[in-house]
Amino acid sequence: MMANQSAYKNKQIFVRLFFLLLLDIGVFTIFGETTIDSLLCFYAVILFRHSTIATLLISLFFISLKHFLYFSKPIVPFLCLLLLSYLGSKTQKYLHKTTFLPHLFIILFLALEGFMIEPHLFGVTASFGCTFYKICVNLLLVAMFLKYSPKGKLGDHL
């Protein structure tokens, strides 16, 4: 019985992540830029909601798949996310109130991506205003994910 519930939850997470991947690709196709990064926002929320390792790895896979579709180089963002995830987990151990940590994670990763990863590795340059706009839009998305997600293990309740 427990195995069936776990398999159902994993399928549900997989479907939601696939939907978020389609949303990101759709926004990229329509607007021609990566304004909304819903997979990254979802990852930031589940990272600080004591999610399971399987959920985090599936999320990282989808984020890497998205970067592969955009730039044909999935490993660099994946490594940066692993580094920030490690730093986030260490920070979470010392700070017990974690309501601002997903927001901080999004700001750090999008600033790192906008000012270091994309210009130097992918040849995509963005202005400060464009990166600031992207950070603001994704912070609102994180706030929505936090508001409409259960308080327990997010990966287990989706």
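Where a number appears in this text, it was derived from the coordinates with a stated rule and is not lab data. Since the structure is predicted, the reported quantities are computational estimates derived from the model, not experimental observations. As a convention, Cβ positions derive from the backbone with ideal geometry for all residues, glycine included, and neighbour counts pool all protein chains shown.
At 222 nm, what value in deg cm²/dmol follows for the chain if DSSP H runs of at least 4 each add -39500 (n - 2.57) and the sum is divided by all its residues, to the nearest 500?
Taking each H run of at least 4 residues, the total per residue is -24500 deg cm²/dmol.
Would you mind putting 35-47, 117-129, 100-112, 77-89 in packing order, based on average other-beta-carbon counts within 10 Å, highest first?
The packing order, highest mean first, is 35-47, 100-112, 77-89, 117-129.
What length, rounded to one decimal in nm, is gained on full extension from Y94 through to C136, with 0.36 nm per residue of separation minus their alpha-carbon distance?
Extending this stretch completely gives an extra 12.5 nm.
Can you classify the range 43-142 as rounded, prolate or oblate using the Cα gyration tensor, where a ≥ b ≥ c are the square roots of its eigenvalues, rounded means a/c under 1.5, and otherwise it's prolate if a/b beats b/c and oblate if not? Walk me through the numbers on the way to the answer.
Details: a/c = 2.01, a/b = 1.34, b/c = 1.50.
Note, shape of the range 43-142 comes out oblate.
How high is the relative contact order of the range 2-157, in percent, counting Cα pairs under 8 Å that sit 6 or more residues apart?
After rounding, I find 32 percent.
Could you pull out the pairs from K9/K147; K73/K147; K9/K93 whose alpha carbons sit more than 22 Å apart here?
K73/K147; K9/K93
With +1 on each Lys and Arg Cβ and -1 on each Asp and Glu Cβ, and nothing else charged, work out how big the dipole of the chain is about its Cα centre, in Debye to the nearest 20.
Details: 13 positive and 6 negative charges, 129 e Å.
Approximately 620 debye in magnitude.
Between beta-carbons, use under 9 Å as the cut-off and find the net charge around K66, counting Lys and Arg +1, Asp and Glu -1. Kindly include the intermediate steps, with their values, before the conclusion.
Working: positive: none; negative: D24, D37.
Net charge in that neighbourhood comes out at -2.
Given R₀ = 22 Å, FRET efficiency for T35-L112 by Cβ-Cβ distance, to 0.05? Let's see the in-between values first.
Details: r = 17 Å, r/R0 = 0.78.
Efficiency, rounded to the nearest 0.05: 0.80.
May I ask you to list, by number, the DSSP H helices of the chain whose Cα span along the axis is at least 30 Å and whose average Kyte-Doolittle hydropathy reaches -0.5 or more?
2-31
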